[in-house]
Every structure is written in structure tokens, then in C-alpha cells.
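Notes for the one structure printed next.
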Amino acid sequence: MRIILLRHGPDLRSDCGESTLSWQGREKVAQTARQLQELSLTKIDVAFFSSARRAAETLEVVAGYLNIDRSIPTPRLLPSASPLEIDTLLNSSLVTKEDRVCLIVGHEPQISDRVLRWCGLPDNSERDPSVSPWTLSRGECLILSASRSNGELQIDRRYIQFVGRNRSLPIQQQLKKAGVF
């Protein structure tokens, strides 16, 4: 199974509390989607996205470049949700086959905290406060390879790829560069 974790694109704050993607945000997400195309990730079996407007708009931009079979909005990906909610979605009946490609459009710190845990590292809340937290930039994503063992999701730490600014940098180098270890 391939898992694509995408942080929503850069947004504009509005007076009503719900933010929308900026023009630059739409362009950055489109660039990331084009990079996914270049990596032959053109078909998404299921996409879960935060019910926040900026995440839905991010998915709309991605859908202009990639074929998405099903898209499902969920409050499990709102900024206040636990990083473990990502596992709940990935363990749902919609993504049980090993050949599935799943896209998750969400927020920080939920995405980075989950990735850090999958890598066996403390999440950002447990790190030394003098060290800057590691997070994905808006509009960038990670591609992970996963399998199931005894019903549990297993992430292959050797294959985690960034798409965006440092698109081919392995996770270990990216985290080291960010001061995580």
C-alpha cells in the first residue's frame, strides 16, 4: 500500500474563522500534484481529507491532476484531532487491500507527529523545546510504503519520500537536517 500524506496548501485567513487557499497555495499544491504524476502516482483509490475548507480546496486542486476514485471528508483529520486518527482511517475497510493508494489531506502537527512515531521517534510535543519542531511545509507531502502484519499497519521506514521542496530527500536526512536526531 502507498500512503500519501499531504498538508493543505498555504491559505488566507478570513473573518469568519474558516480559511481558504491563497493563489500561491493553489499553485504550490498543483506543483506537488504534478510531481506525484512524474512519480507515476496518478490514481488514488481513496482520499480522506479534513473537513476544514482549506483541506477540501487542496483536494480539489489535486483532483485536477490525479484520478481519485473516492474522496471522504472527515473530522478525524481536523487540526485538533489525535495523530492516531490517521491509523484509524488507514485501518478502515476502504483501504485494506495491499495494492491501494491512499491520500490523506490534513494539518500539522498531526501529520508530522504521526510520521515521527512511525519512525520510532518522539513526536514534536515530546522534543526538547530548544529544538525547532519538524513539520511538513504547506502544500508538500510524504509518500510512504506500508503493509499489514497480523492486521497491524507496518510502515517501511526505508521508503519514505518527500514531494515538494526537497522531494527526493530520504526521511532520515530530512529529519537530521531539521535537528530531530
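The values are calculated or read from the model by the stated rules, or taken from the named source; none is laboratory data. Fair warning: this is a prediction, and the values are worked out from it, not measured in the lab. So basically every Cβ, Gly included, is an ideal-geometry build from the backbone, and we count neighbours across all protein chains shown.
Within the bounds of segment 131-143, is there any residue that is touching a strand residue (DSSP E or B) at 6+ places or on another chain (Cβ under 6 Å), surrounded by fewer than 17 Cβ atoms within 10 Å (Cβ to Cβ) and either at pLDDT below 85 or among the polar types (S, T, N, Q) (or both)?
No, segment 131-143 contains no residue that is touching a strand residue (DSSP E or B) at 6+ places or on another chain (Cβ under 6 Å), surrounded by fewer than 17 Cβ atoms within 10 Å (Cβ to Cβ) and either at pLDDT below 85 or among the polar types (S, T, N, Q) (or both).
Could you list, in sequence order, the residues of segment 5-18 that are assigned to a loop (DSSP other than H, G, I, E, B) and either at pLDDT below 70 or under 19 Å from Cys141 (Cβ atoms) (or both)?
His8, Gly9, Pro10, Ser14, Asp15, Cys16, Gly17
Which one is modelled with the highest pLDDT, of the residues in segment 57-79 that are surrounded by fewer than 20 Cβ atoms within 10 Å (Cβ to Cβ) and in contact with a His (Cβ under 9 Å, 6 or more places away or on another chain)?
Among them, the one singled out is Leu78.
Count, please, the residues in segment 40-69 that happen to be in a loop (DSSP other than H, G, I, E, B), of a type outside the set (Ser, Thr, Tyr) and within 16 Å of the chain's Cα centre (by Cα).
3
Inspect segment 78-96 for any residue being among the hydrophobic types (A, V, I, L, M, F, W, C), in a strand (DSSP E or B), out of contact with any Phe, Trp or Tyr (no Cβ under 7 Å at 6 or more places or on another chain) and over 26 Å from Ser149 (Cβ atoms) and give the result as yes or no.
No, segment 78-96 contains no residue that is among the hydrophobic types (A, V, I, L, M, F, W, C), in a strand (DSSP E or B), out of contact with any Phe, Trp or Tyr (no Cβ under 7 Å at 6 or more places or on another chain) and over 26 Å from Ser149 (Cβ atoms).
Would a scan of segment 26-42 turn up a residue that is in contact (Cβ under 8 Å) with a residue 40 or more places away in the chain, closer than 23 Å to Arg148 by Cβ and buried (at least 16 other Cβ atoms within 10 Å of the Cβ)?
Yes, the conditions are met somewhere in segment 26-42.
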